[in-house]
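Report on the structure given below.
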């Protein structure tokens with residue numbers, strides 16, 4: 001949610017200020033429904049304050065965690081990916097860590113040729129071939145293709161159709177197995 005607010009273009013989000021306010025309102029209400037006190041909720045009624053809070057979390061916690069990855073961080077990242085594989089088969093630890101460093105604006109995470117700084121050590125070279133391929137697909141979709149309305153419409157239609165297909169197939173399988 002924070003990346004969508006701070007760097008919408010890097011995560012494939014084409015949003016207006018009203019869209020971002022609606023997203024913040026959604027997360028603020030969700031926090032309220034979960035019993036989170038307003039003083040602990042990152043999303044506030046004031047958009048500038050919300051952006052400042054998210055930016056502070058990114059600067060103080062996320063950037064340092066991505067820069068100085070310890071064993072705890074790696075285990076947490078692996079657990080997150082293990083829990084999300086059923087939503088996206090393209091999840092790859094190396095590619096997603098690179099993408100996270102990139103969205104956080106860390107040095108050495110430039111991908112497109114115009115972003116790479118001369119003499120800057122690139123973390124891309126440390127990735128294996130599978131991670132590089134997955135990263136190419138992720139960045140091509142989120143930073144290039146989703147910026148085009150026609151592609152976004154087709155992409156959304158495919159995702160919705162696949163989601164409905166999975167529900168129908170799972171119901172048929174459950175009936176066959178009589179679960």
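Laboratory data are not the source of any read-out in this text; all were calculated from the coordinates shown. Computed from a predicted model, the values in this text were never measured in an experiment. With ideal geometry, Cβ positions are generated from the backbone for all residues, glycine too; neighbour counts draw on all protein chains shown.
Order 127-133, 147-153, 2-8, 23-29 from most to least packed using the mean count of other Cβ atoms within 10 Å. Please report the intermediate quantities before stating the final value.
On the way: 127-133: 13.7, 147-153: 11.4, 2-8: 18.0, 23-29: 16.1.
Final packing ranking: 2-8, 23-29, 127-133, 147-153.
Hey, any idea what the orientation-averaged projected area of the convex hull of the chain's Cα atoms comes to, in nm²? All intermediate terms of the calculation are to be shown ahead of the outcome.
Working: hull surface 55.7 nm².
The orientation-averaged projected area of the Cα hull of the chain comes to 13.9 nm².
Let me have the 222 nm mean residue ellipticity of the chain computed from DSSP H runs of 4+ only, each contributing -39500 (n - 2.57), with the sum over all residues rounded to the nearest 500.
Mean residue ellipticity, 222 nm, calculated: -18000 deg cm²/dmol.
Taking the Cα centroid of segment 50-86 and of segment 1-35, what is the distance between the two, rounded to the nearest whole Å?
Between the Cα centres of segment 50-86 and segment 1-35 lies a distance of 18 Å.
Quick one: grab the alpha carbon gyration tensor of segment 120-165, order the square roots of its eigenvalues as a ≥ b ≥ c, and give me rounded if a/c is under 1.5, else prolate or oblate depending on whether a/b is larger than b/c.
Verdict is oblate for segment 120-165.
Neighbour counts of other C-beta atoms within 10 Å: give me 161, 15 arranged from fewest to most.
Ascending number of Cβ neighbours within 10 Å: 161, 15.
Give me the percent relative contact order of the chain, please, defined on Cα pairs under 8 angstrom at least 6 residues apart.
Value for the chain: 24 percent.
Just to verify a number: FRET efficiency for residue 70 and residue 26, C-beta to C-beta distance, R0 = 30 Å, to 0.05? Show your work: numbers first, answer last.
Working: r = 33 Å, r/R0 = 1.09.
Taking R0 as 30 Å, the efficiency between residue 70 and residue 26 is 0.35.
Relative to the present Cα-Cα distance, how much length would full extension add between residue 46 and residue 158 at 0.36 nm per residue of separation? Before the final figure, lay out each step's value.
On the way: separation 112, 0.36 × 112 = 40.32 nm, distance 3.56 nm.
Residue separation times 0.36 nm, minus the Cα-Cα distance, leaves 36.8 nm.
Between rounded, prolate and oblate, where does segment 38-80 land on the alpha carbon gyration tensor, with a ≥ b ≥ c its root eigenvalues, rounded for a/c under 1.5, else prolate if a/b exceeds b/c?
Since a/c reaches 1.5 and a/b is larger than b/c, the shape of segment 38-80 is classed as prolate.
Rg/Rh for segment 69-145 to two decimals, with Rh computed the Kirkwood way over all alpha-carbon pairs. Don't skip to the end; give the middle numbers.
Values: Rg = 12.8 Å, Rh = 13.2 Å.
In segment 69-145, Rg relative to Rh is 0.97.
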